[in-house]
Amino acid sequence: MQPINIGIIGTGVICDSYLRGALGVPANEGRPAASPSRIINIKSVADIRPEAAKAKADAFGVGSETVDGLLADPEISIVLNLTIPLAHAEVNRAIVAAGKHAYAEKPLCASFGEAQALLAQATKAGVRVGGAPDTFLGAGHQACRRIIDSGRIGKVISGSATVLSHGMEHWHPNPNFYFMKGGGPILDMGPYYVTDLVQLLGPVARVAATTCIGNPVRTITSQPRAGETIDVDIETTATALLEFVSGATITLAASWDVWKNKRLPFELYGVDGSLIVPDPNFFGGTVEISDQGGDWTAVDISAHPFHTPNRTMRDGREVADYRIIGLLDMAAAIQQGRPHRASGELTTHVLEVLEAVGTAGAERRWVDLTTTCERPAPVPQGAGEEVFLA
Ligand SMILES: NC(=O)c1ccc[n+]([C@@H]2O[C@H](COP(=O)([O-])OP(=O)(O)OC[C@H]3O[C@@H](n4cnc5c(N)ncnc54)[C@H](O)[C@@H]3O)[C@@H](O)[C@H]2O)c1
C-alpha cells in the first residue's frame, strides 16, 4: 500500500503531536524514536501565518505551502485541520470544496449546524469527514469496550465522567480560543468523554444540565503573554445528565473553575460490576474492574495497541499519546473501502450532545437529540498501526 499524502493546515501547539506521531519523533528527549507511519506521508503544512508554517516545516523536515497552495496540490488526498475552533468550519468547507477528505481537531465545527452542513457538503462531493478525538481507539478504552461487549459488568445503568481543572491560561501560549465560542470545558474537553461514552454505550437520547461562567475575566500566566487578561465568552462550568438510548444515565461534570479535586475521571456501573475507565485524554492508563462488589482488579491492556507510555507531561505523569491514530485509520479505511472509526457522524453526534449541554443549561430544560450514530467498530488486538491494515 502506498502511503496517502496528507497536508496540515494550522501549525500551532498540537501540530507537533501529529507530526511526531507521523514521523516517529519522540515526544521527550531521551525517548527512543519510533518508525515513521507506513500509512500516511505528511507532504506539507500551511498556516494563516506563513512564518509559523515555515518554522514548523523546517523543524520537522516536511514541506511548507500557502493555504491555497496546499489545497490546490493534487497529490494531497487528506487535509488535517489543526486551526482554532472558530476557524474549523471555514477551513473544513474549503478542504471539501477542494475535493479532499477532511480530518479536523475537535470540535469538528464551533456549532452543530455547521457540522451538519459540512457532512451534507462532503456527501455531495464524495469525500470523507473525520475528526478528533481518537483517544477512544487507544488500549485503555478498547479494553473497556471489550469488557462491556463481553457482558462482564452487565447492562450499564449509570456512571460519572469528570473533567475539572483551573483552565488553560497557565500553560497555552495563546489561550484566548479556549474562552471563545467553540471552546470552554464543554466543547474543548467534553469530546474526549462523550466520544468514549458513545463508543462504549451507544448514542445519547437527551441531555439536562446547569451551566455558568465562574470567572468572567481570566489572567494569562503562561509566556509570552503573562499578565494579559481574557474576557470569558463561554460557560466554564457544566453539570450535566446524559441519558443514553441504551437507558444508561451518566453524570458529566466539566469545569475550568476548580483548583483541586479528588474525583476519578471516569466510572461506569453495571448490574453485575463496576468499571474504572482511564482518562480519555490519553490512550493507555489503568483499567480496573470489580465483579459484584469484589476487590478492584487491574486489567491487563497490553494486548491492545497504543498502550505504552511515550510522553512525560508537564506534571511528570507518564502517558500514552498517539494523537494521530484516528487519521491513520481513516487513511487505511479509504484504501480498503471500509468505514473509518473517528467518523464525521460520530463527531457530529458528539457535538450535538455537547451543544445540548449548553442549551439545557441556558434554558434549564431537557434537550432531545436529533442525531444518532453507529458505535465505531472495535480496534483489533495487535501491535501499532498495523492493526488498521488488517
Ligand atoms: N494544544 C493542545 O494541547 C490541544 C490538544 C488537543 C486538541 N487541541 C485542538 O487543536 C486545535 C488547535 O489547538 P492549538 O493548541 O494547536 O492552537 P494554536 O493556537 O496553538 O494553533 C492554531 C494555529 O492555527 C492557525 N490558524 C488559525 N486560523 C487559521 C485559518 N483560518 N487558516 C489557517 N491557519 C489558521 C493559527 O495561526 C495557529 O498557528 C484546537 O481545536 C484545539 O482544541 C489542542
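Things worth noting here:
- Selection within the stretch 109-131 - part of a loop (DSSP other than H, G, I, E, B), of a type outside the set (A, V, I, L, M, F, W, C) and more than 18 Å from Arg341 (Cα to Cα): Ser111
- Looking only at the stretch 282-310, and only at residues there that are touching a residue at least 24 places away in the same chain (Cβ under 8 Å) and not in a loop (DSSP other than H, G, I, E, B), the one that is nearest to Ile14 (Cα to Cα): Val287
- Summed over the stretch 128-184, the residues that are over 24 Å from Glu352 (Cβ atoms) and more than 15 Å from the ligand (Cβ to nearest atom) give a count of 14.
So that you can scan it fast, the table gives a plain yes or no per residue for (1) out of contact with any Ser or Thr (no Cβ under 8 Å at 6 or more places or on another chain); (2) in a helix (DSSP H, G or I):
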{"residue": "Tyr322", "(1), (2)": "yes, no"}
{"residue": "Gln335", "(1), (2)": "yes, yes"}
{"residue": "Val353", "(1), (2)": "yes, yes"}
{"residue": "Gly361", "(1), (2)": "no, yes"}
{"residue": "Arg375", "(1), (2)": "yes, no"}
{"residue": "Gly382", "(1), (2)": "yes, no"}
{"residue": "Glu386", "(1), (2)": "yes, yes"}
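- The residues in the stretch 185-221 that are in contact with a helix residue (DSSP H, G or I) (Cβ under 7 Å, 6 or more places away or on another chain) and within 15 Å of the ligand (Cβ to nearest atom) can be counted, and the count is 10.
- Within the stretch 81-99, residues that are over 15 Å from Phe112 (Cβ atoms) and open to solvent by 20 Å² or more (accessible area, probe 1.4 Å) have Cβ atoms under 6 Å from residues that are part of a helix (DSSP H, G or I) and among the β-branched types (Val, Ile, Thr) in these pairs: Thr83/Val91, counting only partners at least 6 apart in sequence or on another chain.
- If the condition is being surrounded by fewer than 20 Cβ atoms within 10 Å (Cβ to Cβ) and small (Gly, Ala, Ser), then the stretch 133-171 contributes Ser150, Gly151, Gly154, Ser158, Ser160, Ser165.
- Selection from the stretch 12-29 of residues that are among the polar types (S, T, N, Q) and either buried (at least 16 other Cβ atoms within 10 Å of the Cβ) or under 15 Å from Leu80 (Cα atoms) (or both): Ser17
- Residue match in the stretch 34-44 (condition: under 24 Å from Leu351 (Cβ atoms) and touching a residue at least 12 places away in the same chain (Cβ under 8 Å)): no
- Residues in the stretch 172-192 that are open to solvent by less than 10 Å² (accessible area, probe 1.4 Å) and in contact with a Leu (Cβ under 9 Å, 6 or more places away or on another chain): Gly182, Gly183, Pro185, Gly190, Pro191.
- Residue in the stretch 1-16 that is modelled with pLDDT under 95 and not in a helix (DSSP H, G or I) present: yes
- Within the stretch 53-84, if we keep just the residues that are assigned to a helix (DSSP H, G or I) and farther than 12 Å from Thr11 by Cβ, the residue that is farthest from the ligand (Cβ to nearest atom) turns out to be Ala72.
- Against the criterion of being part of a loop (DSSP other than H, G, I, E, B) and open to solvent by less than 10 Å² (accessible area, probe 1.4 Å), Ile48 does not qualify.
- Restricting Ile301, Ile289, Ile325 to those that are buried (at least 16 other Cβ atoms within 10 Å of the Cβ) and within 16 Å of the ligand (Cβ to nearest atom) reduces the list to Ile325.
- Number of the condition not met by Ile9 [criteria: (1) within 16 Å of the ligand (Cβ to nearest atom); (2) in contact with a strand residue (DSSP E or B) (Cβ under 9 Å, 6 or more places away or on another chain); (3) open to solvent by 60 Å² or more (accessible area, probe 1.4 Å)]: (3)
The values are calculated or read from the model by the stated rules, or taken from the named source; none is laboratory data. Keep in mind it's a predicted model, so treat the numbers as computed, not measured. Quick reminder, even Gly has a Cβ in these numbers, built from the backbone with ideal geometry, and neighbours come from all protein chains shown. Remember, those area values only see protein heavy atoms, side chains included, never the ligands or the DNA or RNA. Shrake-Rupley method; radii C 1.70, N 1.55, O 1.52, S 1.80 Å.
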